[in-house]
Amino acid sequence: MSAVIEARNLSRWYGNVLGISEITLDIEPGITALLGPNGAGKSTFMKIITGQLKANIGQVRIFGQPVWNNRHIFRRLGFCPESDAFYEELDGLEFLTGLLSLYGYDRKECLDRANRALELVELKDASRRPIRSYSRGMRQRIKIAQTIAHDPEILILDEPLSGLDPLGKRRIIRLIKEFRDAGKTVVVSSHVLPEVEALTSEIILIHNGKILARGDIHFIRELLDSHPHMIRIKSPQYRELARLLAPEEYVLNITFEPEASAVVFETHHRDRFFNRLNELVLDPGLDLEEITSPDDNLQAVFDYLVGR
Amino acid sequence: MKEEILSVFSFYFFLGRKSGRTRTFFLLSSMAVLMALVIRAYRLAGHWTEDGQVIFQNFLMVFFLQFLIVLLGLFYGSSMVVEELDNRTLPYLTSRPVRRVAIILGKYLAYLSLTTVMLVFAVLLSYLILNLDAEFQAKDLLTVLRYSVILWLGLAAYLSFFSFLGTWLKKPILVGLAFGFGWESVIQYFPGTTQKLSVAHYLKSLLPQYTSSSGKLGFLFIRLEPTRPALAIIILAGIILVFLVLACLFFTYKEYLFED
């Protein structure tokens with residue numbers, strides 16, 4: 001399959017701050033996810049491929065054409081920016097018809113397309129309400145509606161699932177998959193691994209402006225599983241709990257926090273740890289107040305991968 | 001290109017009509033009408049004996065020419081890009097199949113139309129209020145039309161200049177205020193050619209020199225060395241054109257970044 005988006009040695013700085021560095025990749029039809037912690041360079045990459053920013057070095061081509069100031073490419077592209085920004089005075093329908101009119105559609109066509117997009121994101125009932133009265137999830141959905149209303153061939157979605165409730169997320173994930181099934185190219189960014197897993201298995205790991213790895217999601221999962229996890233348990237019997245778990249070979253380290261009545265375990269096998277914990281909880285007299293994972297986030301995984 | 005400009009114009013004219021800023025500036029423009037009503041009441045009470053035409057001309061100089069058109073031009077023109085950056089809505093525009101030149105021209109025309117409505121409403125109504133008792137003749141209509149056209153030219157010139165500032169600078173308001181209410185106010189009282197470095201000079205050159213020797217606001221014409229009307233119109237048109245072209249060039253080639 002031929003690449004729709006081709007990036008060659010893309011580098012971008014903001015003054016002395018590095019945005020992205022020497023990114024070379026081809027993106028083909030289907031869903032490709034950019035996965036990385038905040039500030040990794042995902043948004044910079046997306047802004048460059050949508051013509052919002054220029055690369056300092058390198059070039060990007062979509063359908064073989066340069067992107068900057070190329071309105072023929074913009075017609076075939078839908079961009080959902082990350083920021084929660086709108087023309088707040090407008091209602092949902094006015095927002096969409098206004099933006100659609102910039103494609104040169106007549107009034108009727110704008111209305112038809114806007115209504116169709118509103119139906120797809122399930123905002124038809126709220127279409128005449130001012131955007132300023134929308135909830136965070138509704139705002140996210142109207143942003144996605146403006147991305148798809150002109151039926152683009154490429155969708156660039158910067159953190160499209162942020163702020164959505166689980167039901168909203170499911171709807172948008174289903175919609176994005178429908179676009180993939182229709183043969184379109186979708187590039188999605190996220191810093192939440194489970195969101196990406198629900199969308200695609202084709203991921204690009206990006207960190208400190210560089211591509212760290214590219215490939216199947218299972219590869220990342222394996223990396224995750226071998227990553228030592230921190231599990232913090234708050235319990236009045238935290239010392240007893242530590243005594244019971246200390247002999248387990250997958251427990252690498254134990255740290256006490258007496259002032260919080262808590263103990264932090266480090267394990268490289270989370271599933272086995274939790275299975276054993278479940279067994280212990282069933283024992284009478286062991287009372288657990290809180291279980292948290294201080295490093296259960298993408299940043300921790302990346303820190304681990306880059307050997308920090 | 002024409003269709004692109006028209007589509008941007010329609011969108012921003014519609015957006016402008018719904019915006020709180022338009023309501024605020026419409027109210028501000030209406031202050032002229034309010035002041036005219038107060039003066040009218042004052043005259044009816046016999047405290048003001050000057051002719052309605054003269055009062056209106058003073059009004060024109062102080063409120064419309066030196067204040068309102070500068071303010072409208074400044075706030076609408078300088079917001080051209082900065083507003084989109086501050087509100088982070090710029091990607092909605094720049095990811096559409098519309099040339100950047102068309103975005104600037106469409107927005108310029110939308111803002112010019114909105115501010116023209118405000119200006120003409122205030123000029124016509126305050127003129128009528130102040131001259132209600134006078135015998136209204138066709139030449140009076142021509143006079144008010146002439147004033148309106150001069151003010152409109154000034155508005156278009158200021159809007160063009162401030163649009164250029166808006167596409168060029170990150171914080172155009174401060175520079176704009178200094179230019180509009182500092183430079184423009186001071187430089188026109190300088191003798192010789194220096195005064196020709198202001199928009200106000202060419203606007204004043206198009207007005208009748210009725211107050212040059214007498215009247216309450218005669219001081220506003222002190223040292224005015226008028227440019228010939230035809231030349232003044234050409235120069236004003238040139239200012240509009242040059243700064244619009246510069247604004248289009250800046251917006252086409254400049255990269256705009258959000259604050260963070």
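Taking the stated definitions as given, is A:GLY137 under 26 Å from B:ILE103 (Cα atoms), open to solvent by less than 30 Å² (accessible area, probe 1.4 Å) and assigned by TED's automatic domain parsing to the domain that holds A:PRO166? Show your work before the answer.
Numbers: under 26 Å from B:ILE103 (Cα atoms): no; open to solvent by less than 30 Å² (accessible area, probe 1.4 Å): yes; assigned by TED's automatic domain parsing to the domain that holds A:PRO166: yes.
For A:GLY137, the condition - under 26 Å from B:ILE103 (Cα atoms), open to solvent by less than 30 Å² (accessible area, probe 1.4 Å) and assigned by TED's automatic domain parsing to the domain that holds A:PRO166 - is not met.
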Taking A:ILE131 as meeting all but one of (1) within 21 Å of the chain's Cα centre (by Cα); (2) open to solvent by less than 10 Å² (accessible area, probe 1.4 Å); (3) not basic (Lys, Arg), write down the number of the exception. (1)
Restricting to the range A:238-265, what's the tally of residues that are part of a loop (DSSP other than H, G, I, E, B) and either of a type in the set (A, V, I, L, M, F, W, C) or in contact with a Cys (Cβ under 6 Å, 6 or more places away or on another chain) (or both)? 1
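Within the range A:159-169, is there a residue that is among the aliphatic types (A, V, I, L, M) and open to solvent by less than 10 Å² (accessible area, probe 1.4 Å)?
Kept after step one, since they are among the aliphatic types (A, V, I, L, M), are these residues of the range A:159-169: A:161, A:164, A:167.
Still in the list and also open to solvent by less than 10 Å² (accessible area, probe 1.4 Å): A:161.
Yes: one or more hits.
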Among (1) buried (at least 21 other Cβ atoms within 10 Å of the Cβ); (2) assigned to a helix (DSSP H, G or I); (3) at pLDDT 90 or above; (4) not hydrophobic (A, V, I, L, M, F, W, C), the one test that B:SER29 misses: (3)
Helices (runs of 4 or more DSSP H) contained entirely in the range A:88-148, each with at least 1 residues that are under 23 Å from A:ARG71 (Cβ atoms) and of a type in the set (S, T, N, Q): A:92-101, A:136-148
Test A:GLY58 against the stated conditions and say whether it is crowded, with 16+ Cβ neighbours inside 10 Å and more than 12 Å from every other protein chain (Cβ to nearest Cβ). yes
Lone qualifier among A:ILE211, A:ILE148, A:ILE131, A:ILE172 - being within 14 Å of another protein chain (Cβ to nearest Cβ) and either over 30 Å from A:GLU94 (Cβ atoms) or without any contact (Cβ under 8 Å) to a residue 60 or more places away in the chain (or both): A:ILE131
Where a residue in the range A:89-107 is in the same structural domain as A:SER135 (by TED's automatic domain parsing) and its partner, wherever it lies, is part of a strand (DSSP E or B) and modelled with pLDDT under 95, with Cβ under 6 Å and at least six apart: A:ASP91/A:PRO130
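Between A:ASN70, A:ASN115, which is in contact with a Gly (Cβ under 9 Å, 6 or more places away or on another chain) and farther than 19 Å from B:GLU84 by Cβ? Can you show your working first?
Working: A:ASN115 fails: in contact with a Gly (Cβ under 9 Å, 6 or more places away or on another chain).
The conditions single out A:ASN70.
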Scanning for something open to solvent by less than 10 Å² (accessible area, probe 1.4 Å) and of a type in the set (A, V, I, L, M), does the range B:33-44 turn up at least one residue? yes
Search the range A:69-88 for residues being without any contact (Cβ under 8 Å) to a residue 40 or more places away in the chain and within 25 Å of the chain's Cα centre (by Cα), and hand back the single one that is nearest to B:SER7 (Cα to Cα). A:PHE74
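Could you list all residues from the range A:25-55 that are more than 23 Å from A:ARG180 (Cα to Cα) and under 11 Å from the mean Cα position of the chain (by Cα)? Spell out the reasoning first.
Initially, the range A:25-55 is screened for residues more than 23 Å from A:ARG180 (Cα to Cα), giving A:37-41, A:44, A:52-55.
Correct list: A:PRO37, A:ASN38.
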Take the residues in the range B:168-206 that are in a loop (DSSP other than H, G, I, E, B) and within 29 Å of B:ALA230 (Cβ to Cβ), then tell me which one is modelled with the highest pLDDT. B:SER198
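For the range B:132-153, indicate whether the set of residues that are modelled with pLDDT of 90 or more, of a type in the set (Phe, Trp, Tyr) and either surrounded by 12 or more Cβ atoms within 10 Å (Cβ to Cβ) or outside any helix (DSSP H, G or I) (or both) is non-empty.
Just the residues of the range B:132-153 that are modelled with pLDDT of 90 or more, to begin with: B:149-153.
Checking the rest, the ones that are also of a type in the set (Phe, Trp, Tyr) come to B:152.
From what's left, either surrounded by 12 or more Cβ atoms within 10 Å (Cβ to Cβ) or outside any helix (DSSP H, G or I) (or both): B:152.
Yes - at least one qualifying residue is present in the range B:132-153.
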Could you please find all residues in the range A:68-90 being closer than 14 Å to B:PRO91 by Cα and either more than 10 Å from every other protein chain (Cβ to nearest Cβ) or hydrophobic (A, V, I, L, M, F, W, C) (or both)? A:TRP68, A:PHE74, A:LEU77, A:PHE79, A:CYS80, A:ALA85, A:PHE86
Right, A:LYS143: open to solvent by less than 10 Å² (accessible area, probe 1.4 Å), among the basic types (Lys, Arg) and within 17 Å of the chain's Cα centre (by Cα) or not? yes
Near pairs, Cβ below 7 angstrom, 6+ apart or cross-chain, from the range A:177-191 (assigned to a strand (DSSP E or B)) to any residue that is aromatic (Phe, Trp, Tyr): A:VAL186/A:PHE179
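Yes or no: A:GLY168 in a helix (DSSP H, G or I), in contact with a helix residue (DSSP H, G or I) (Cβ under 6 Å, 6 or more places away or on another chain) and at pLDDT below 90? Outline the logic, then answer.
Details: in a helix (DSSP H, G or I): yes; in contact with a helix residue (DSSP H, G or I) (Cβ under 6 Å, 6 or more places away or on another chain): yes; at pLDDT below 90: yes.
Against the criterion (in a helix (DSSP H, G or I), in contact with a helix residue (DSSP H, G or I) (Cβ under 6 Å, 6 or more places away or on another chain) and at pLDDT below 90), A:GLY168 qualifies.
From the list A:GLU109, A:GLU89, which residue is open to solvent by 20 Å² or more (accessible area, probe 1.4 Å), more than 19 Å from A:ILE203 (Cα to Cα) and in contact with a Lys or Arg (Cβ under 7 Å, 6 or more places away or on another chain)?
Details: A:GLU109 fails: in contact with a Lys or Arg (Cβ under 7 Å, 6 or more places away or on another chain).
The match here is A:GLU89.
The values are calculated or read from the model by the stated rules, or taken from the named source; none is laboratory data. This structure is a prediction, so every number in the text was calculated from the model and none was measured. Quick reminder, even Gly has a Cβ in these numbers, built from the backbone with ideal geometry, and neighbours come from all protein chains shown. Each accessible area value is taken on the protein alone, full model and side chains, heavy atoms only, with ligands, DNA and RNA left out. Shrake-Rupley method; radii C 1.70, N 1.55, O 1.52, S 1.80 Å.
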